[in-house]
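Written below as structure tokens is the structure these notes are about.
The values are calculated or read from the model by the stated rules, or taken from the named source; none is laboratory data. This is a predicted model, so every value here is computed, not measured. Backbone-built Cβ (ideal geometry, glycine too); neighbour counts: all protein chains shown.
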Number of protein chains: 2
Amino acid sequence: MDEFALIRRYFQPLPQRQQGACEGVSVGIGDDCAVLSVPEGQQLVVSIDTLVEGTHFLTDTPAEQLAWRLLGASVSDLAAMGATPSWLTLALTLPYADEAWVSDFSAALAEASQLYSIQLVGGDTTRGPLTLTAQVHGFVKTDAALLRSNAQIGDLICVTGTLGDSRAGLETLLTKSSSNTVVEYLRQRFYRPQPRVSTGQLISAYASSCIDISDGLLGDIQHILDQSGVGAQINPEALPLSAEIQHFTDDKTAREWALSGGEDFELCFTVPPEQWVSLQEHLQNHDVQVTPVGAICDEAKGLQLFSQGEWRAVAANGYKHF
Amino acid sequence: MDEFALIRRYFQPLPQRQQGACEGVSVGIGDDCAVLSVPEGQQLVVSIDTLVEGTHFLTDTPAEQLAWRLLGASVSDLAAMGATPSWLTLALTLPYADEAWVSDFSAALAEASQLYSIQLVGGDTTRGPLTLTAQVHGFVKTDAALLRSNAQIGDLICVTGTLGDSRAGLETLLTKSSSNTVVEYLRQRFYRPQPRVSTGQLISAYASSCIDISDGLLGDIQHILDQSGVGAQINPEALPLSAEIQHFTDDKTAREWALSGGEDFELCFTVPPEQWVSLQEHLQNHDVQVTPVGAICDEAKGLQLFSQGEWRAVAANGYKHF
């Protein structure tokens, strides 16, 4: 089957299936470009991300799980800006025209796209080593995007959900743990990240800066520190751990994974202390756990962890691709 | 060197070098997303394209030439919509952190970006088999995009420039032809496609449909026929050939390459006969050759070529990736 037939058969139907999401799309898949309209008073936010076989996922990862992880990870970048997802473009490189793979992938992509309210509007399918690139597009009110660059000394550092679960899920795969409810929970956290879209929108009125945790908390918060020109003190004992990770491994390993494990796709954000009470009130009717884990301090202190009764400097050690 | 250091050192400086192109960019490289503004009264057009080593280019193709081809091919999709280029995102997968490669690539990308007035606003750098994905963004006046779907029976079919040169350039590489002015010209046509941006904008007031020639004239015009519900008659003898291709090969091969060779990145467009005179007048002060090569006919005729004194049906045989 040639490239065009593949695209036509599996990706063309996506837009029709999600009628509700078609706003702003004058021309979708099938022309040289998609033609799109950004609503008045809104800015466009975009992020591009790649998953490579052998680097970001194990060989023989089911196509369905790749679709969820690709889209989840990408939409998480929109969440970190406080944005509303709108459109998706997809560049798919496949070793051969594997119809079963494309069928599984496109079905999962359709399901994930519907859940995240994002619409596939264009793509490219090429032959080569398995590589998946997604660009996500979203909207923020003009000048209301939540950036990395505005954290202030004294701000609380908060994280959503629980940390380390995705790293633990990877561990269950690497060690071929037998399936049980704990193992399945952790694997789902690895395979199906749930980007914090509505939480990102909710906190954007209170937070001073935000990033999504893709490379590990320590690596990612360093970006906030670099771009805001501040330091941070984080208490590892305060990190939120799931019951499942605590069941799966010892406390020391769980906290290490919570600090440095990648791909949790929770949000890490800073909030001025005077906003904390209002934020908490606002969060009461919202189904997400938000945990203060530290505070922003002077740049000279760098990044410090509380350990054995004192604050100690750490080198950022987020997951590196090289 | 880690991913972040690579990006910082080579890609961060791009926006600063091109101050003139920074319009509409509130946040460029360095946050979770770029934050961008589309001008009032304009629509956003986007296209994503991938080049894979071994599929789209030969191993050991210099990084500089890859940057030019990637950007040229992508911007050509904007040209085919009659759009004005604005922003670029880049997903780069590299086998290892090759500083010399990244340095050469980013320098050429900066030069090409400046020439095409497009600004790098975001990207992702990952480890894996050499794969380059670019998404280009541009603007068109609302509802003025030049589509594939509006060709009408009786319209003239026109192409810009000369065809087949890129395929001939590839041949000079495959056959390791010794360098001379003809060979160098053809190689440049292969390595440095010149997207017809200003021509696309100019013809958009006259043309009824348009596509850029990336897979070969026959393959690409088939997309116009499919989406407009029409047929086409093309006269191979009318195809514009460069002096160089005629010097490099025989007339039969040259016309075959002009019909089916990919990656010329010229425009193929249809124009109602009553617009032809105005278009020609308008083109007089514009440095581009436009050649009528056929006409749109009834869908039942399919795609026909004039050969040995009569019109004969052909199967579309554009370059296929699978």
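The condition of being among the hydroxyl-bearing types (S, T, Y) and either touching a strand residue (DSSP E or B) at 6+ places or on another chain (Cβ under 6 Å) or assigned to a strand (DSSP E or B) (or both) holds for only one of A:T50, A:T61, that being A:T50. When you look at A:A97, is it part of a helix (DSSP H, G or I) and modelled with pLDDT under 95, yes or no? No. Looking across segment B:116-158, just one residue is of a type in the set (S, T, N, Q), modelled with pLDDT of 95 or more and farther than 26 Å from A:S26 by Cα, and that is B:T131. Taking the listed residues B:F57, B:F4, the one that is under 22 Å from A:T133 (Cα atoms), modelled with pLDDT under 95, within 25 Å of the chain's Cα centre (by Cα) and within 13 Å of chain A (Cβ to nearest Cβ) is B:F57, with no other qualifying.
Restricting attention to segment A:80-97, which residues are of a type in the set (S, T, Y) and farther than 17 Å from A:E53 by Cβ? Listed by number, the residues that qualify are A:T84, A:S86, A:T89. Determine whether segment A:118-127 contains at least one residue that is in a loop (DSSP other than H, G, I, E, B), acidic (D, E), within 23 Å of A:L36 (Cβ to Cβ) and out of contact with any Phe, Trp or Tyr (no Cβ under 7 Å at 6 or more places or on another chain). Within segment A:118-127, none of the residues are in a loop (DSSP other than H, G, I, E, B), acidic (D, E), within 23 Å of A:L36 (Cβ to Cβ) and out of contact with any Phe, Trp or Tyr (no Cβ under 7 Å at 6 or more places or on another chain).
Does A:S228 fit the bill of being touching a Phe, Trp or Tyr at 6+ places or on another chain (Cβ under 9 Å) and at pLDDT 95 or above? Lay out the reasoning, then the answer.
Values: touching a Phe, Trp or Tyr at 6+ places or on another chain (Cβ under 9 Å): no; at pLDDT 95 or above: yes.
When the stated conditions are applied, A:S228 does not pass them.
Among the residues of segment A:258-284, write down those that are in contact with a Gly (Cβ under 9 Å, 6 or more places away or on another chain) and assigned to a helix (DSSP H, G or I). Those that are in contact with a Gly (Cβ under 9 Å, 6 or more places away or on another chain) and assigned to a helix (DSSP H, G or I): A:A258, A:L259, A:S260, A:P273. The set of residues in segment A:89-98 being closer than 23 Å to A:C33 by Cα and at the interface with another protein chain (Cβ under 7 Å from one of its Cβ atoms) consists of A:T89, A:A91, A:T93.
Test A:L267 against the criterion of being in contact with a Leu (Cβ under 8 Å, 6 or more places away or on another chain) and either at pLDDT 95 or above or in the same structural domain as A:L51 (by TED's automatic domain parsing) (or both), and give yes or no. Please lay out each step first, then the result.
Numbers: in contact with a Leu (Cβ under 8 Å, 6 or more places away or on another chain): no; either at pLDDT 95 or above or in the same structural domain as A:L51 (by TED's automatic domain parsing) (or both): yes.
No.
Scanning segment B:189-219 for residues that are at pLDDT 95 or above and among the acidic types (D, E) returns a single hit, B:D212. If I filter segment A:181-199 for residues that are acidic (D, E) and without any contact (Cβ under 8 Å) to a residue 40 or more places away in the chain, do I get at least one hit? Yes; the residues of segment A:181-199 include at least one that is acidic (D, E) and without any contact (Cβ under 8 Å) to a residue 40 or more places away in the chain. Every condition in (1) crowded, with 20+ Cβ neighbours inside 10 Å; (2) more than 11 Å from chain B (Cβ to nearest Cβ) holds for A:S86 except the one numbered (2).
Annotation note: of B:S113, B:S103, B:S86, the sole residue that is in contact (Cβ under 8 Å) with a residue 60 or more places away in the chain, under 30 Å from A:S26 (Cβ atoms) and assigned to a helix (DSSP H, G or I) is B:S113. Residues being more than 7 Å from every other protein chain (Cβ to nearest Cβ) and either in a strand (DSSP E or B) or closer than 13 Å to B:E263 by Cα (or both): count how many of those fall in segment B:67-83. Total meeting the criteria: 9. Residue check: is A:Y206 within 20 Å of the chain's Cα centre (by Cα) and touching a residue at least 24 places away in the same chain (Cβ under 8 Å)? No, not satisfied. Take A:D264 and decide whether it is within 13 Å of A:L163 (Cα to Cα) and out of contact with any Lys or Arg (no Cβ under 7 Å at 6 or more places or on another chain). Yes; evaluated as a whole, the condition is true for this residue. Scanning segment B:99-130 for residues that are within 10 Å of chain A (Cβ to nearest Cβ) and surrounded by fewer than 19 Cβ atoms within 10 Å (Cβ to Cβ) returns a single hit, B:R127.
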